[in-house]
1. Assign unit charges at the C-beta atoms only (+1 for Lys and Arg, -1 for Asp and Glu), then state the dipole size of the stretch 32-139 relative to its Cα centre in Debye, rounded to the nearest 20.
2. Normalised by the residues of the chain, what does the relative contact order come to in percent, with Cα pairs under 8 Å and at least six apart?
3. Could you order the peptides 51-57, 89-95 from most to least packed, using the average number of other C-beta atoms within 10 Å per residue?
4. Give me the number: length gained by fully extending residue 171 to residue 147, i.e. 0.36 nm times residue separation minus the C-alpha to C-alpha distance, one decimal in nm.
5. With +1 on the Cβ of every Lys and Arg and -1 on the Cβ of every Asp and Glu, and nothing else charged, how large is the dipole of the chain about its Cα centre, in debye rounded to the nearest 20?
6. Once each part is reduced to its C-alpha centroid, what is the distance from the stretch 119-134 to the stretch 139-203 in angstrom?
7. Testing the spin-label approximation: label points 7 Å from Cα along Cα→Cβ at residue 44 and residue 200. State their distance in nm.
8. On a straight-distance basis, which lysines could pair with residue 185 in a cross-link, Cα separation under 25 angstrom, same-chain partners fewer than 8 positions away excluded?
Amino acid sequence: MRTQQKIWHQEHATAQTLPSEMTTASTWQPSQYVVSFYNFLKEHNIPSQGLAVDIGAGKGRNTLYLAHQGFQVTALDYIEQATHHINQAAHSAQLDHVIQTQCMPVDRPWPFQDNFFDIAIDCFASIDIETPAGREVYRDEMLRTLKPGGYALVVVTSVEDEIEQELIKSSPGPERNSSLWPSGKFQKNYDLEELRIFYEKFKIINADTICKKAHKLGRDFMATNYSLIIQK
């Protein structure tokens with residue numbers, strides 16, 4: 001098991017260092033970014049009976065939200081506790097028939113055909129992939145498995161984020177704009193230009209900067225994130 005994976009196992013078990021974005025799974029409130037993305041799809045008359053992939057699904061709050069809207073959702077996560085939790089939640093919500101899980105790393109080839117999914121969501125998932133090569137695999141697999149014209153939501157942490165600015169200086173990771181949390185967990189943060197270059201194989205439909213109050217690493221702070229809607 002990789003170091004990053006071991007850290008995530010521990011964090012899912014204790015929830016001590018999970019950001020506030022990820023600790024509301026018990027209430028099943030979806031991410032504000034995913035709700036906004038779904039509203040975008042409705043405004044553009046994208047049918048909600050299609051196939052969706054939730055990349056790095058965690059405990060499944062966004063998976064369940066998309067399933068409730070009518071999508072058939074495949075939830076990907078490499079933490080067994082997470083996929084087990086999603087399966088239990090899907091059963092409790094009587095959504096077993098529209099939710100399936102895959103316990104797998106997303107930085108290796110995906111077991112899906114080309115042009116398979118109608119939409120994809122990556123809500124703070126790919127920023128935890130430890131290597132540039134691994135993030136390229138994730139990006140290229142998302143591109144390969146999306147149908148032509150399919151949309152994806154990508155949410156990442158900005159280099160302007162209050163805590164990440166501090167960590168990049170005090171505990172920098174092995175590459176530009178990356179950090180190491182006290183637990184040893186790696187995080188890749190972005191500026192807008194990096195994002196535009198990284199996702200240049202897609203058409204960037206929208207790129208929003210979102211600032212809001214949050215709680216992470218035992219303190220309240222001002223979070224700054226980027227929310228991208230991209231299209232194959």
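Coordinate-derived values only; no laboratory data. None of the values given here were measured: they were computed from a predicted structure. Cβ: placed from backbone, ideal geometry, glycine included. Neighbour counts: every protein chain shown.
1. The dipole of the stretch 32-139 has a size of about 200 debye.
2. Relative CO of the chain lands at 19 percent.
3. The peptides rank, most packed first, as 51-57, 89-95.
4. Contour length minus the Cα-Cα distance gives 4.7 nm.
5. 180
6. Result: 7 Å between the Cα centres.
7. 2.2
8. 6, 59, 169, 212, 213, 216
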